[in-house]
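The values are calculated or read from the model by the stated rules, or taken from the named source; none is laboratory data. Nothing here was measured: the structure is a model prediction, and the numbers come from that model. For neighbour counting, all protein chains shown are included, and Cβ atoms are generated from backbone atoms with ideal geometry for every residue, glycine included.
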Amino acid sequence: MGSGKEATQNEQQRKRKRKEKGKVEGVKSKKNSASASASEQLRFFVDEFQSAKGVKLSSLELDSLKDSSILTLPHSSVSDSDSDSDVKILGNNIKAAFGASWKQVLCEPDLVPGNVLPGSPAILIVASSALRSLHLLRGFRSFTKECHAAKLFSKHMKLEEQVSVLNNRVNIASGTPSRIKKLIDTEALSLSRLQVLLLDIHPDVKGYSLLTLPQVRDEFWDLFKNYFYQGMIQGHLRICLYGPLQSAVRLKGKPAQPLPDE
């Protein structure tokens, strides 16, 4: 009698697990980036990179990736809610990475021959959409009063307009993977001064983010592999993750999500 009841309960548990697995395949949301250590964030980032590109880094490559390549944010600066207050203090927390020279690097409006070239931001924000790009720029308003931020997405903005903006000094830029790649390829956007790559990994209302929305995710990892990976392993570039550490997932039985407005 008891064994029959136990068998029924086990079968119900198996059905519930199958149902849950049918909804979501893969690893779901982990901890918030601000509550994860630099080594945990680095491990997450490398795992996502290897999974998305279908590659396995060599032990030599893995040894080249140090915890110092991750710029961690204070726990108070990031929450799962992604509130306006979280964004407002984002810039102040990131400026610490530039030490005492932060004002010269992030606020000065003039080009410096041989040192500060046109279109060479020190901070580059990469987001899944134009709206997310603008959202994170709010955290840097106090830095961009004299040297305006470059908005590098396709929504309502022509490539020629962005090239014109990048002919001037740019300290902070924000955009989407496809447009950023296009501007790098046309040599309008320079990476010569880039020190921080800020990745917006907060999910949207449908649960997708820069690292989980299929086409945008693929565009980002191609961009990273071709233009940012070497800087990271050489220690010139630090990655900053803004949002929960959510692995790429496939939602079964759901149509492919349309690309967000860029």
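Things to note:
- Flag if Thr212 is within 15 Å of Ser154 (Cα to Cα), of a type in the set (Val, Ile, Thr) and under 15 Å from the mean Cα position of the chain (by Cα): no
- The residue pairs whose first member lies in the stretch 30-49 and is closer than 13 Å to Leu71 by Cβ, whose second member is at pLDDT below 95 and polar (S, T, N, Q), and whose beta carbons are closer than 7 Å, counting only pairs six or more residues apart or on different chains, are Ala34/Ser77; Ala38/Thr72; Gln41/Ser33; Gln41/Thr72.
- Hits in the stretch 50-84 (condition: part of a helix (DSSP H, G or I), of a type outside the set (Asp, Glu) and at pLDDT 90 or above): Gln50, Ser51, Ala52, Ser59, Leu60, Leu62, Ser64, Ser68, Ser69
- Cβ-Cβ under 6 Å pairs, at least 6 apart or on other chains, the stretch 83-102 side surrounded by 15 or more Cβ atoms within 10 Å (Cβ to Cβ), far side part of a helix (DSSP H, G or I) and among the small types (Gly, Ala, Ser): Val87/Gly139; Lys88/Gly139; Ile89/Ser77; Leu90/Gly139; Gly91/Gly139; Asn93/Ser77
- Residues in the stretch 149-196 that are β-branched (Val, Ile, Thr), more than 16 Å from Glu108 (Cα to Cα) and in a loop (DSSP other than H, G, I, E, B): Thr176, Thr186.
- Some residue of the stretch 13-33 being assigned to a helix (DSSP H, G or I), under 26 Å from Arg217 (Cα atoms) and modelled with pLDDT of 60 or more: yes
- Filtered residues of the stretch 212-242 (kept if among the β-branched types (Val, Ile, Thr) and either in contact with a Cys (Cβ under 7 Å, 6 or more places away or on another chain) or farther than 16 Å from Gly54 by Cα (or both)): Val216, Ile233, Ile239
- Every condition in (1) of a type in the set (A, V, I, L, M, F, W, C); (2) in contact (Cβ under 8 Å) with a residue 60 or more places away in the chain; (3) within 19 Å of Leu42 (Cα to Cα) holds for Phe228 except the one numbered (2).
- From the options Leu198, Leu213, Leu189, residue that is buried (at least 22 other Cβ atoms within 10 Å of the Cβ) and in contact with a strand residue (DSSP E or B) (Cβ under 6 Å, 6 or more places away or on another chain): Leu198
- Residue that is surrounded by the fewest Cβ atoms within 10 Å (Cβ to Cβ), among those in the stretch 217-233 that are under 17 Å from Leu245 (Cα atoms) and out of contact with any strand residue (DSSP E or B) (no Cβ under 8 Å at 6 or more places or on another chain): Arg217
- Filter result for the condition that a residue is in contact with a helix residue (DSSP H, G or I) (Cβ under 6 Å, 6 or more places away or on another chain) and either within 21 Å of Leu71 (Cβ to Cβ) or of a type in the set (Phe, Trp, Tyr) (or both), over Ile172, Ile180, Ile201: Ile172
- Of all the listed residues (Gly99, Gly91), the sole one being under 19 Å from Gln195 (Cβ atoms) and over 17 Å from the mean Cα position of the chain (by Cα) is Gly99.
- Tabulated pairs, the stretch 124-140, first among the small types (Gly, Ala, Ser) and crowded, with 23+ Cβ neighbours inside 10 Å, second modelled with pLDDT under 95 and part of a helix (DSSP H, G or I), C-beta under 6 angstrom, 6+ apart or interchain: Gly139/Val87; Gly139/Lys88; Gly139/Leu90; Gly139/Gly91
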